[in-house]
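Derivation of every value follows stated rules applied to the coordinates shown; laboratory data play no part. All values derive from a computational prediction rather than experimental measurement. Note: ideal-geometry Cβ built from the backbone for every residue, glycine included; neighbour counts use all protein chains shown.
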Amino acid sequence: MAGPSVNDATPGPEPEDAAPGEDAAPAAPRPLGPPLYPPLAPTVITLRVIFGVLLAAAVLYAPIYFTPQNNRILSQAIYLAVAAMGLNLLTGFNGQISIGHGAFFAVGAFTTAILMVDHNWTFEATIPIAAVLAGTVGLLVGFPALRVRGLYLALVTLGLAVLAPQVANKYVHGTGGRPLLQPRRSEFSSLLTFLDDDQWMYYLCLAIAALLFFVAWNLVRSRVGRAMVACRDEELAASTLGVNLAGTKVGTFAISAAYAGIAGSLSVMVDRLADGTNPVLYFQRSIEFLVAVVIGGAATMFGPIVGAVLLVLLRRNTQDLLEGQKAQVLSPALYGAALMAIVYVLPEGVVGGVRRLVARVARQQPVATAQPPSSPTPEPA
Amino acid sequence: MQLFVSQVLNGIGYGVVYGSVALALVLIFRVTGVLNFAQGEMALFSTYVSWKLTTTGMPVALAIALSMVIAFIGGALIERVFIRPVEGRSPLNVVIVTLGMFLAINSLTQLVFGTDPQQMPSPFPSGSIELFSSGGESIEVSKSTIGLIVVLLVECAALWFLLQRTRLGLRLRAVASNPDSARLVGINSGAMLMLGWGLAAALGALAGSLVASKQTAFDASLMQIILVYAFAAAALGGFESLIGAVVAGLIVGVAYTLTIQYIDALDGIELVMPLGLILAVLLVKPNGLFGRRTVERV
């Protein structure tokens, strides 16, 4: 997770070249206007390096310091961050709103749980399968998404999230015929002798998340990533310039779904179950992902992490804050109110807000505004 | 045959429910351009208000009317207090705020009115009307379904009249289509947005109360699945069209009951049906059955 932050500090003034071979034409001169990734002020670079190193140290040391209980919560934040990153690729960078990522999460969770419970696979081996399956489902959903846009897309995907537990209910029969699969505790035991089970869980989640964030970070800064952003901002212009709109959109959908699938797979390890009993569970998951993206900062790399951590802490603390019977009822109210408050105070998400703050500290206003997190595309009347 | 007809009628019973919630969704979308995820929960709160009023011995129709008035004020206030600050920002922010309201209103409702299931009395006479009978078999339709259809048609006509035939409706539509230009010609767009939310909330109160009265009992989860089907109906109808919402609501309702009755493969996952329906329609007509093509100037 620290990788991006440290590397983030030293992007060249030029975006890396497009994939070789494809561009037979001589390298075009830089377009006019502000560069895509402008050079950063030295203060900002220093701040980022210091922050990155501190964060990396804290993240790596955390599971040794915390109790197993807290490690579980941290691991929950990590898989939530992975799913949110997937949604961020789709919604933040590509501009397609999905409220159905809970369904892909469910595909990942049930794939892992079924392979483990019914076919005796080891947990680690199921993760790629979960990713591929969720990605395939995402691909299938992505094709209609070419025709269905904006709010309509949000609605179709909403239906998908509500459908997921119903499908589980019909086809998955766990203990007592209920759609609830619980792999044995021993199957998640640590593969490294010097790590406890909970620490192993944390580090495994962390390693996978770091890998996925590294992939996402590279993806976004590549030719593909620029095509994704171009689709979001100006579809017509993008297609005129030769961006394959359909391919980009469907591909983003599939990748994004695969991220959610991996997150679902990790959730089986962290929560030790794949649950299909609650009819609105995966709808709630979808909302969580979206909320993590938005409060963290859409179309940023750190946004999903910040959002996921905030969300998990918020949920936990609103539960702890209130004692007794009213807690169950009132905690969603506080949770909802907190979400709204964050949107009011930090419209660009926490990362957007911090960027503004850093820019002010470094007195480099233009740097901060050069890459606004989620500029809403202006709606023509 | 008799089974088929009675299933269709049953589906119409569901359809009017979906249609009436979809109508509120369409109204708020047309007037403010916002997709309100909290619509169902706002309706839920109003439903509890109507129920509470009926427990004081008030006639059901009056209780519903009163709760519509309360909902109107509440809806307008929600717009002013919660939605106004994020207006004109990224649509994602608005979505998050309405989702936050979804959670908050649901739990506030449980806090205020308790978590026990309650019974909402029906404003319509009980019993059913025999449509026709042959050879000892008869086909009946309940009076409450007929009542709902009548209410829905009246709602539709009133809204159409308001939006298309009055100066107020013209202003409402102007604000929805271009807030800046509307402001320039002297329309108080803030007031119009509040009015739009108030109207949608009042419609939601009506729909919620009637839905609850159709069921034997209701609790805080009343609107959640209904909202999905209502969204399906709104999308199918094209999100712009009032009559489209109603017709699509009926289509979704009938498709739902027929799926349950005849397609065993989808037993337990009936939701596939409306979803497939939406997808099929949107693939052929991206703006829904009754939607207009939006022409964008590039």
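Laid out as a table, the results:
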{"quantity": "For the protein assembly as shown, the spread of Cα positions along each principal axis, largest first, Å", "calculated": "80, 66, 52"}
{"quantity": "Kirkwood Rh (inverse of mean 1/r, distinct Cα pairs), segment B:236-276, angstrom", "calculated": "10.7"}
{"quantity": "Highest-fluctuation residue, B:Ser126, B:Ser177, B:Ser50 considered, GNM on chain B with Cα pairs under 10 Å", "calculated": "B:Ser126"}
{"quantity": "Selected from B:Leu162, B:Leu103, B:Leu184 as most flexible by GNM, with chain B as the system and alpha-carbon contacts under 10 Å", "calculated": "B:Leu184"}
{"quantity": "Most mobile of B:Ala234, B:Ala200, B:Ala191 in a GNM of chain B (Cα contacts under 10 Å)", "calculated": "B:Ala191"}
{"quantity": "Inter-chain Cβ neighbour average for residues B:269-276, partner chain, 10 Å", "calculated": "4"}
{"quantity": "Backbone HN-Hα couplings from phi across segment A:42-48 [Karplus 6.51/-1.76/1.60, Hz, Gly and Pro as x]", "calculated": "x, 4, 5, 4, 4, 4, 5"}
{"quantity": "Hydrodynamic radius (Kirkwood) for segment A:72-370, which is based on Cα pairs only, to one decimal in Å", "calculated": "19.8"}
{"quantity": "Ranked list, fewest to most other Cβ atoms within 10 Å of each Cβ, for B:Glu155, B:Glu41, A:Glu288", "calculated": "B:Glu155, A:Glu288, B:Glu41"}
{"quantity": "Cα long-axis angle, helix B:189-214 against chain B (0 to 90 degrees, to the nearest 10)", "calculated": "10"}
{"quantity": "Equivalent-ellipsoid semi-axes of segment B:23-221, from the Cα gyration tensor, Å, largest first", "calculated": "33, 22, 14"}
{"quantity": "Ascending count of other beta-carbon atoms within 10 Å, so fewest first, for A:Asp233, A:Asp275", "calculated": "A:Asp233, A:Asp275"}
{"quantity": "Of B:Lys214/B:Lys285; B:Lys52/B:Lys214; A:Lys170/B:Lys285, pairs whose Cα-Cα distance is over 28 Å", "calculated": "B:Lys214/B:Lys285; A:Lys170/B:Lys285"}
{"quantity": "Exposure proxy order (Cβ contacts within 10 Å, fewest to most) of A:Leu191, A:Leu158", "calculated": "A:Leu191, A:Leu158"}
{"quantity": "Residue-wise HN-Hα coupling along segment B:15-30, computed from phi with Karplus coefficients 6.51, -1.76, 1.60 (Hz; x: Gly, Pro)", "calculated": "x, 5, 5, 4, x, 5, 6, 4, 4, 5, 4, 5, 4, 5, 5, 5"}
{"quantity": "Calculated from backbone phi, Karplus (6.51, -1.76, 1.60) coupling profile of segment A:205-217 in Hz, x at Gly/Pro", "calculated": "4, 5, 4, 5, 4, 4, 4, 5, 5, 5, 4, 4, 4"}
